[in-house]
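Visitor: Following this message is one structure expressed as structure tokens.
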Amino acid sequence: MKTFDVGRLAAFTDGVFAIAITLLVLDLDLPDVSGKAIGELIQADLPKFYSWLISFLALGTLWLHHHYIVAHLRCTDITILLLNLALLLFISVTPWTTSLIGAYGDQSIAVVLFSGCLGLAWLSIALIGLHARKHGLLLADAPKPEPGLMATLVTLRGTLIAVLSIGFAHVDTTWAVLVWVLLFVMHPFVYRN
């Protein structure tokens, strides 16, 4: 099996994450206050602000998880490179799906697209970790989770939150988006060691 250096994978991925997170903020326009109270204008833009915040937290947590996995890789192979490209595909479209929920957050299709992309990004990163573990690509001192339901739930938490969000999207789009805060809240408990 041909292997590749981890550094290039990490650098390229960090760059895409940095660009995606930067692009998120471009949807936050400075309000035109001519003749209107700034408070009213800011309040009207709150959906865009909330969508930015949720996306920032979701991408930030995903980046932390990716960083954690890559820090324990001894090397990569073509499968990890391809799975990482899939991850980056979904990360790169997140600014667009964020704009959708900022502008059309009351429509379930916007939330489904947003959550679907993030869920597939989390699935990609879960598959990277599973593949690395299965094929001996991790460093010898890499943490080895106990097999079982809890390890599976931790590995797939972002994908499970996406499924939950997509389910909520057809009932209440606000809660469907807010469910993503669970990722950020759960993060310290997942990596407490």
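The values are calculated or read from the model by the stated rules, or taken from the named source; none is laboratory data. Just so it is clear, the structure is predicted and the values come from calculations on it, not from any experiment. Here Cβ is always computed from backbone atoms with ideal geometry, including for glycine, and neighbour counts include all displayed protein chains. Ligands, DNA and RNA are excluded from the accessible area calculation, which covers all protein heavy atoms including side chains. Shrake-Rupley method; radii C 1.70, N 1.55, O 1.52, S 1.80 Å.
Visitor: Given the rule -39500 (n - 2.57) for each run of at least 4 DSSP H residues, summed and divided by the residues of the chain, what is its mean residue ellipticity at 222 nm, to the nearest 500 deg cm²/dmol?
Guide: Numbers: 9 runs with 143 residues, N = 193.
Rounded to the nearest 500, it is -24500 deg cm²/dmol.
Visitor: A follow-up question, please. Taking 0.36 nm per residue of separation and subtracting the Cα-Cα distance, what length does fully extending residue 92 through residue 78 add?
Guide: On the way: separation 14, 0.36 × 14 = 5.04 nm, distance 2.07 nm.
Length difference between fully extended and current span is 3.0 nm.
Visitor: Compute the distance in nm between two label points, each set 7 Å from the Cα along the Cα-to-Cβ direction, one at residue 43 and one at residue 5.
Guide: Here the modelled spin labels are 5.6 nm apart.
Visitor: For region 1-102, what is the accessible area per residue in Å², given a 1.4 Å probe and the full set of protein chains?
Guide: Numbers: 5550 Å² over 102 residues.
With the other protein chains kept in place, region 1-102 gives 54 Å² per residue.
Visitor: Another question about this same structure. Compute the length gained on full extension between residue 67 and residue 170: take 0.36 nm times their separation in residues and subtract their Cα-Cα distance, giving the result in nm to one decimal. Let's see the in-between values first.
Guide: Details: separation 103, 0.36 × 103 = 37.08 nm, distance 3.34 nm.
Value of the extension gain: 33.7 nm.
Visitor: Can you send over the solvent-accessible area of residue 48, 1.4 Å probe, protein chains only, in Å² to the nearest 10?
Guide: Accessible area, nearest 10 Å²: 50 Å².
Visitor: On to the next question. Using a basic spin-label model with each label point 7 Å from the Cα along Cα→Cβ, how many nm lie between residue 135 and residue 28?
Guide: 4.0
Visitor: Amide H of residue 138: which non-local residues (sequence gap of 5 or more, or other chain) have their own amide H closer than 5 Å, using H built in the peptide plane?
Guide: Amide H to amide H, under 5 Å and 5 or more residues apart or across chains, residue 138 pairs with 74.
Visitor: Using a/c under 1.5 as the rounded threshold, could you call the chain rounded, prolate or oblate? The axes a ≥ b ≥ c are square roots of the C-alpha gyration tensor eigenvalues, and prolate needs a/b larger than b/c, oblate otherwise.
Guide: Values: a/c = 2.49, a/b = 1.86, b/c = 1.34.
Judged from the Cα gyration tensor, the chain comes out prolate (a/c at least 1.5, a/b above b/c).
Visitor: Label points 7 Å out from Cα along the Cβ direction at residue 19 and residue 85: separation in nm?
Guide: The answer from the label model is 1.5 nm.
Visitor: Can you list residues from other chains, or at least 5 along the same chain, whose modelled amide H is less than 5 Å from the amide H of residue 4?
Guide: 76, 77
Visitor: Using a Gaussian network model on the chain with a 10 Å cutoff between Cα atoms, which of 30, 183, 85 fluctuates the most?
Guide: Result for the chain, Cα springs under 10 Å: 30 fluctuates most.
Visitor: Probe 1.4 Å, all protein chains in place: accessible area of residue 25 in Å², nearest 10?
Guide: Counting only protein heavy atoms, residue 25 exposes about 70 Å² to solvent.
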